[in-house]
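The values are calculated or read from the model by the stated rules, or taken from the named source; none is laboratory data. These figures come from a predicted structure and were not determined experimentally. Note that we place each Cβ from the backbone using ideal geometry, even for glycine, and neighbour counts take in every protein chain shown. What goes into the accessible areas is simple: the full protein's heavy atoms, side chains included, and nothing from ligands, DNA or RNA. Shrake-Rupley method; radii C 1.70, N 1.55, O 1.52, S 1.80 Å.
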Amino acid sequence: MQRVTFSNSRGLTLVGDLYRNEGTQIVIMCHGFLSNRSSRGRFDLFASTFHKLGYSVLRFDFGGCGESDDTPLTLSNEADDLTSAINYASKAGFTEMVLYGHSLGARVCLEVYHPKYVKTMILTGAGTGPVHYHWPDHFTEEELAELHRTGYFSVKVVDPYREEMMISKEMLLDFEQCNQKQMLSRISCPILLIHGNQGEEEILMPITKQGMKWLPENSKLKVIDGSEHHFMNHLETVQEMLSEWLSTY
């Protein structure tokens, strides 16, 4: 594993880990909201899985997350970051790319998809359509008051590289402002979507289920019974699904 850095179009430095293998195939991994490139250890495990299957792997911190430069979290910023990661991988000689995204990272993969590079996508806990959260259940009254006053607020995080992340008003609106048909209809590669059916997944999985009609016919939705959004108690099952999918595509 090699620690790497590259810049996005806004001139910010993004930090990642590159696992090299022979060949021109690479998996680019996109973490979720308020997370980092380790994703509570899930991405360490899955990166190892991808590498053992013969792929090179790039996992990176979105701007404002982990070791990457500070910036407010927005969907457009993260889309720019992933585009920059794809360009970095292309310049490094990788011509066939797999996008793996979890949660918000999965939404970013869908937004950025380009058929020239991306051969397939694997998405866990994806937001594939508009999701309406009740934000007072997730953030404090003081944090939301700061958001109303300034357009941003800082939230404390448990992260080895930083103490807080900055969330913009735009980011919270991004979750619910999504044209599902438009976003999914432009995808031309097969996608594996993995969901649970507990907790937040009770909201996200039905949204994906209703959107499957706009994805290519060979796309698949797999539901892990009893799993919550973090999949922490079902990582082996997820690994098996990843390996089976990549052996096919």
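Here are the numbers for the structure shown:
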item: FRET efficiency estimate (nearest 0.05) - Cβ-Cβ, GLN177 to HIS138, R0 25 angstrom; result: 0.90
item: Solvent-accessible area of VAL238 with every protein chain in place, 1.4 Å probe, in Å² to the nearest 10; result: 0
item: Burial order of peptide ranges 115-123, 127-135 (average beta-carbon count within 10 Å, highest first); result: 115-123, 127-135
item: Exposure rank, largest accessible area first [GLU163, GLU146, GLU78; 1.4 Å]; result: GLU163, GLU146, GLU78
item: Extended-chain gain in nm, criterion 0.36 nm per residue less alpha-carbon gap, SER76 and GLU96; result: 4.8 nm
item: Sites GLU163 and GLU217, calculated FRET efficiency, Cβ-Cβ separation with R0 51 Å, nearest 0.05; result: 0.65
item: Average projection area in nm² (convex hull over Cα atoms of region 58-107, one quarter of hull surface); result: 3.6
item: Distance cut-off 35 Å, percentage of C-alpha pairs in the chain lying past it; result: 8
item: Value of Rg to Rh for region 78-201 (Rh from inverse mean 1/r over Cα pairs, i.e. Kirkwood); result: 1.01
item: The chain, relative contact order [Cα under 8 Å, separation at least 6], %; result: 18
item: For region 68-134, alpha-carbon Rg relative to the globular expectation (2.2 N^0.38 Å, N residues); result: 1.17
item: Within-12-Å neighbourhood charge of ASN8 [Cβ basis; K, R +1; D, E -1]; result: -4
item: 14 Å beta-carbon shell around TYR117, net charge (K/R +1, D/E -1); result: +2
item: With all protein chains modelled, accessible area of CYS178 [1.4 Å, Å²]; result: 20
item: Extension reserve of the TYR249-THR5 stretch, reckoned as 0.36 nm per residue once the Cα distance is removed; result: 84.9 nm
item: Within-13-Å neighbourhood charge of HIS31 [Cβ basis; K, R +1; D, E -1]; result: -2
